[in-house]
Amino acid sequence: MTVNVRTFARLADAATALSQERGARFLAGGTLVMRALNEADPAIETIVRSTDASLSHLAVSSGRVELGAGVTMAAILAERELAFLHPVARAVGGPAVREAATVGGNLFAPTPYGDFAAALLALDATVMLAGGFGQRELPLEELLGRRERGNTLVASVAFNRPAADSLRFVKVTRTHPKGISVLSISAKLPLASGRMTGARIAYGAMGPAPLRAKAAERALEGRSLDAAGIAPALAVAADGTLPADDAIASAWWRREILPIHLRRLLLGAGHA
Ligand SMILES: Cc1cc2nc3c(=O)[nH]c(=O)nc-3n(C[C@H](O)[C@H](O)[C@H](O)COP(=O)(O)OP(=O)(O)OC[C@H]3O[C@@H](n4cnc5c(N)ncnc54)[C@H](O)[C@@H]3O)c2cc1C
């Protein structure tokens with residue numbers, strides 16, 4: 001089987017090529033696409049690449065963060081201003097994977113992957129989609145919720161920089177330090193006068209794509225982060241989730257352990 005490789009200097013042209021061919025697949029860091037190619041995945045007829053410099057653009061200001069879709073986990077770990085994301089980036093595979101694995105690829109990585117995408121969801125990120133006729137912004141949640149994300153090309157993601165220490169993350173895995181997620185939880189927990197206001201909680205590996213824990217978020221509103229305050233959120237922790245049975249864990253097990261890890265995360269207790 002021959003696979004065509006098409007490389008474009010402009011992201012817009014790559015987006016057009018991608019939208020025109022059913023069997024076209026965008027290649028970013030290639031940690032998953034190259035594996036599929038090596039396994040001769042018949043669904044891939046054309047590889048689309050782009051050398052557009054905007055893909056590796058990384059900008060951090062006091063209020064806003066912008067990450068080109070081609071920014072790697074290693075590049076995030078090298079940026080001190082993104083220290084709040086380091087625990088998340090460090091949880092993606094081992095060192096070799098992190099050198100190649102990109103932000104954009106993580107948004108499309110099948111469950112149970114997508115740890116970084118879940119953190120972006122907790123940060124209320126938006127994505128910029130590349131297209132032949134310009135770019136279009138939409139909430140990441142909308143992109144992740146689409147049943148068909150096939151030939152969409154993400155140019156970048158952006159989000160407001162969270163207050164210091166307000167983003168918490170845990171990845172539950174059976175093999176340390178670089179196993180695949182049983183589940184992951186990311187939470188942005190803004191406090192005003194000791195009460196939660198506008199909490200964002202997102203799960204990885206608890207559905208077909210990373211998803212928000214909206215019932216738990218609502219239950220936390222106005223509550224304090226102590227055992228009594230978080231109890232209603234724990235009671236609805238698994239609402240709206242649809243985890244898979246896979247080689248890593250059963251759906252039942254994922255639902256069973258979710259409130260335990262959410263409890264520890266919310267109370268700020270360390271994870272083993
Ligand atoms: C050994 C190993 C361990 C791993 N561990 C983890 C882990 O712990 N946590 C985790 O979350 N993931 C993990 N992964 C999965 C993967 O490495 C990451 O999710 C990574 O971020 C994917 O990025 P990539 O650039 O390599 O994607 P690619 O392999 O290049 O692409 C993956 C998919 O995303 C699409 N895509 C890529 N970029 C874009 C874009 N800009 N717009 C639209 N579509 C795009 C591709 O077409 C393809 O369908 C692991 C993979 C391996 C092989």
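Assorted remarks:
- Residue in the range 217-256 that is most open to solvent (accessible area, probe 1.4 Å), counting only those that are within 15 Å of residue 207 (Cα to Cα) and in a helix (DSSP H, G or I): 252
- Residue identified as more than 8 Å from the ligand (Cβ to nearest atom) and not basic (Lys, Arg) among 107, 120: 120
- Against the numbered list (1) more than 9 Å from the ligand (Cβ to nearest atom); (2) open to solvent by 80 Å² or more (accessible area, probe 1.4 Å), residue 43 comes up short only at (2).
- The range 240-268 residues that are hydroxyl-bearing (Ser, Thr, Tyr), paired with ones that are modelled with pLDDT of 95 or more and in a helix (DSSP H, G or I) (beta carbon under 8 Å, 6 or more apart): 241/254; 241/255; 241/258
- When residue 58 is tested against (1) surrounded by 18 or more Cβ atoms within 10 Å (Cβ to Cβ); (2) closer than 24 Å to residue 17 by Cα; (3) touching a strand residue (DSSP E or B) at 6+ places or on another chain (Cβ under 9 Å), exactly one condition is not met: (2).
- The strands (runs of 3 or more DSSP E) located wholly in the range 1-52 that include 2 or more residues which are hydroxyl-bearing (Ser, Thr, Tyr) occupy 46-50.
- Conditions (1) open to solvent by less than 20 Å² (accessible area, probe 1.4 Å); (2) under 18 Å from residue 268 (Cα atoms); (3) part of a strand (DSSP E or B); number of the one not met by residue 119: (3)
- For the range 81-103, the count of residues that are in contact with a Pro (Cβ under 7 Å, 6 or more places away or on another chain), over 23 Å from residue 189 (Cα atoms), in contact (Cβ under 8 Å) with a residue 40 or more places away in the chain and within 10 Å of the ligand (Cβ to nearest atom) is zero.
- Qualifying positions in the range 153-186 - over 23 Å from residue 94 (Cα atoms) and either in contact with a strand residue (DSSP E or B) (Cβ under 6 Å, 6 or more places away or on another chain) or not in a loop (DSSP other than H, G, I, E, B) (or both): 153, 154, 155, 156, 157, 158, 159, 160, 161, 162, 166
The values are calculated or read from the model by the stated rules, or taken from the named source; none is laboratory data. Since we're looking at a predicted model, the values are computed, not measured. Note that we place each Cβ from the backbone using ideal geometry, even for glycine, and neighbour counts take in every protein chain shown. The accessibility values were calculated without ligands, DNA or RNA, using every heavy atom of the protein model including side chains. Shrake-Rupley method; radii C 1.70, N 1.55, O 1.52, S 1.80 Å.
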